[in-house]
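*Asks:* Structure below; questions to follow.
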Amino acid sequence: MAHAFLERLGGHQVRSAGSRAERHLDPEVVKAMSEIGYDLSGRTPRQLEPAADAAWADVVVTMGCGDVCPVLPGKSYVDWGLEDPAGKSLDRVREIRDEIERRVGELARELDSTRTASA
């Protein structure tokens, strides 16, 4: 969900992966996102490649993956500690979706202001 939100905002490269990626997105996640205009039906979860993914990123956002998440010097880390929406009711997935959207918006504004200040 975070990937889709940041991708639509534009201006940032984004990559997402799961510490225990499933073969398919949770149907309730796909449904909740489609309700607000995001078609995730063709997307496939990607397994986290800790060293490669963290090395690629300037900012690493984790959502409670614990020790699986890599820590590399020189990277900025943000842990949102959000509940995994997989297997949750549609109402709960909507709540998680809305919180992720809010946090992505805040992160994008922060990244944009940092980029503008250093330009």
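*Asks:* Go through segment 55-72 and give me each residue that's outside any loop (DSSP other than H, G, I, E, B) and at pLDDT 75 or above.
*Replies:* Within segment 55-72, Ala55, Trp56, Val59, Val60, Val61, Thr62 meet the criteria.
*Asks:* Output the residues belonging to segment 1-24 that are farther than 14 Å from Gln47 by Cβ and not in a helix (DSSP H, G or I).
*Replies:* Of everything in segment 1-24, those that are farther than 14 Å from Gln47 by Cβ and not in a helix (DSSP H, G or I) turn out to be Met1, Gly10, Gly11, His12, Gln13, Val14.
*Asks:* So Glu28 ticks every box in (1) open to solvent by 50 Å² or more (accessible area, probe 1.4 Å); (2) under 16 Å from the mean Cα position of the chain (by Cα) but one. Which box is left unticked?
*Replies:* Among (1) open to solvent by 50 Å² or more (accessible area, probe 1.4 Å); (2) under 16 Å from the mean Cα position of the chain (by Cα), Glu28 violates only (2).
*Asks:* Can you name the number of the only condition in (1) touching a residue at least 60 places away in the same chain (Cβ under 8 Å); (2) in a loop (DSSP other than H, G, I, E, B); (3) not hydrophobic (A, V, I, L, M, F, W, C) that Ser41 fails?
*Replies:* That leaves (1) as the condition not met.
*Asks:* Also, I was wondering about something else. Looking only at segment 31-66, which residues are surrounded by 13 or more Cβ atoms within 10 Å (Cβ to Cβ) and among the acidic types (Asp, Glu)?
*Replies:* Answer for segment 31-66, where residues must be surrounded by 13 or more Cβ atoms within 10 Å (Cβ to Cβ) and among the acidic types (Asp, Glu): Glu49, Asp53.
*Asks:* Working only within segment 84-101, note down all residues that are open to solvent by 60 Å² or more (accessible area, probe 1.4 Å) and closer than 28 Å to Ala55 by Cβ.
*Replies:* Asp84, Glu101
The values are calculated or read from the model by the stated rules, or taken from the named source; none is laboratory data. In this text, all values refer to a predicted model and were calculated from it rather than measured experimentally. With ideal geometry, Cβ positions are generated from the backbone for all residues, glycine too; neighbour counts draw on all protein chains shown. Side chains included, ligands, DNA and RNA excluded: accessible areas come from the protein's heavy atoms. Shrake-Rupley method; radii C 1.70, N 1.55, O 1.52, S 1.80 Å.
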